[in-house]
Amino acid sequence: MSGRPTFYITTAIPYANGAPHIGHAYERIATDAIARFKRLDGFEVLFVTGMDEHGQKMQQTAAREGLTPQQLADRTAAQFAAMGEALNAKADDIVRTTQPRHYAATQEIWKRMEAAGDIYMSKYPGWYSVRDEAFFDESELTEGPNGTRLAPSGAPVEWVEEESYYFRLSAYQDRLLRHYRDHPEFITPEKYRNEIVSFVERGLTDLSISRSTFDWGVPVPGDPRHVMYVWVDALTNYITGTGFPDANAPRAKFWPANAHVIGKDITRFHAIYWPAFLLSAGVALPKQIVVHGFLFNRGEKMSKSVGNVIDPFALSAHYGVDPFRYFLLREVPFGQDGNYSHEAIVNRINADLANDLGNLAQRSLSMLAKNCGGALPSPAALNKVDEAILGAGGRSGAESPRFHARLCLASDSG
């Protein structure tokens, strides 16, 4: 036991049917920056990422490429691991949903929710998107070409009727709203909290949590005809990383997580479904859901179909790892959408790193060489001014990361 306070932070887990893009890089770098700050501030930090490797999309993509789903998962997992290394943002652990430890954790969560009376069997009719792995209400759909219907993401949907296990999400509306009220920091930035509160206040419907039309997933305990639907399976990876369900696991002390860092398109699943599952299972809730925006390539959202998905390996190799990391954290106000381009990256490198911070470093190092024998002096005890500066930098961690503002302050000091 180190005696130090613990800090557990995670990225969202990317879906394993495609290679990493700059959006994945942004989230990994931002999460790594928070983890690094906490380590510097004396915390015992656990930084975990993972891979979502089950589902119908995996089966379909693997079949098109002449692979098994596991072979596709292994290939993609290797690509994401390489990205972490290339970005100097290596996580302490990578939880893959095909691992035996994750099967154990997910099936235990299911059993606890079932024991609480929150799981039942019914027949599910609805509009389903294979690409989004989600069902959508009629009111959420738009008309597509040739009489097709489209999900909010633009993905096509099809009418599906199948037997499914349900989770009594409707029973958790009041408890979730109470939690949002009692813990206003639970979802940050505030605008995403307001969106979630508004959504839950309109009422929640029970959630389909199993599928029987494919078999690439975690089997439902006691009913192998069904595999768990994506969100029960995928979300549980966060607690798998702490050794759950073993209460004596070395990492058990890290739960509840201090922060799940996620994209704004999956806020509903993390801020509604995940806490509801945990409340049902009698497990402590994470302390904070930290939401970031999208990155746009010259104003266009990245899309494989549009063909503007940018390889983070190429960007890192071309501009350098640290300049690339700096650009993403400095250019984009966290929680908002941001743009990037070659011109923007070059301008930021020249203005901030070469001129402002470069000049500051040169003057500081010259003073050290002249007045301190070229050695960094030992710091004295912190005074009130020091503490105030650290507080302004977000030492508490109980707010939305403000990389943009802090790096702006640092560059202005040059």
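Rule-based calculations on the coordinates, nothing more; no lab input. Everything quoted here is computed from the prediction, not taken from an experiment. Using ideal geometry, Cβ is built from the backbone for each residue, glycine included, and neighbour counts are taken over all protein chains shown.
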The chain - charge dipole about Cα centre, Lys and Arg +1 at Cβ, Asp and Glu -1, debye rounded to 20: 1080 debye
Along the Cα→Cβ direction, 7 angstrom out, place labels at residue 158 and residue 99. What is the inter-label distance in nm? 3.4 nm
Under 10 Å, Cα contacts only: if you run a Gaussian network model on the chain, which one of 234, 351, 81 comes out with the highest mean-square fluctuation? 351
What are the residues whose amide H is under 5 Å from the amide H of residue 310, where those residues sit 5 or more places off or on another chain and H is modelled from the backbone? 22
Among 323, 91, 385 the positive-end extreme of the charge dipole of the chain (Cβ point charges): 385
Within the chain, what is the longest stretch that has no trypsin sites (Lys or Arg not before Pro) placed in a DSSP loop and near at most 14 other beta-carbon atoms within 10 Å? 1-201
Pick the calculated Rg and Dmax of the Cα atoms in Å for this structure from (1) 22.9, 78; (2) 26.7, 95; (3) 27.5, 85? (1)
Around residue 65: net Lys/Arg minus Asp/Glu count, Cβ-Cβ under 13 Å: +2
Between the alpha carbon centres of segment 233-280 and segment 2-28 the gap in Å comes to 13 Å
Using alpha carbon centers only, segment 31-51 is separated from segment 135-158 by a whole-angstrom value of 39 Å
Check cross-link reach from residue 191 to the lysines: straight Cα distance under 22 Å, and skip same-chain residues fewer than eight apart. 264, 287, 301
In straight Cα distance, which lysines are under 16 Å from residue 57, not counting same-chain residues fewer than 8 positions off? 304
Extension gain from residue 111 to residue 265, taking 0.36 nm per residue of separation minus the Cα-Cα distance: 52.6 nm
So, by mean Cβ neighbours within 10 angstrom, what's the order for 14-22, 331-339 with the highest one leading? 14-22, 331-339
Within segment 70-201: Cβ-based charge dipole about Cα centre, in debye rounded to nearest 20 (Lys, Arg +1; Asp, Glu -1): 380 debye
Quick check: net charge around residue 231, other residues with Cβ under 13 Å of its Cβ, Lys/Arg +1 and Asp/Glu -1? -2
Relative contact order (percent) for the chain, with alpha-carbon contacts under 8 angstrom and 6 or more residues of separation? 17 percent
Relative contact order for segment 133-234, counting Cα pairs under 8 Å that sit 6 or more residues apart, in percent: 23 percent
For segment 27-119, what is the relative contact order in percent, using Cα pairs closer than 8 Å and at least 6 residues apart in sequence? 34 percent
Which of the lysines could a cross-linker span from residue 384 if the Cα-Cα distance has to be under 24 Å and same-chain partners fewer than 8 positions apart are dropped? 38
Cut-off 12 Å between beta-carbons: net charge of the residues surrounding residue 213, Lys and Arg +1, Asp and Glu -1: -3
Residue among 32, 52, 322 with the largest mean-square fluctuation in a Gaussian network model of the chain, springs linking Cα atoms under 10 Å: 322
FRET efficiency for residue 215 and residue 122, using Cβ-Cβ distance with R0 set to 25 Å, rounded to 0.05: 0.75
Length gained when the stretch residue 314-residue 81 is fully extended (0.36 nm per residue, less Cα-Cα span): 82.3 nm
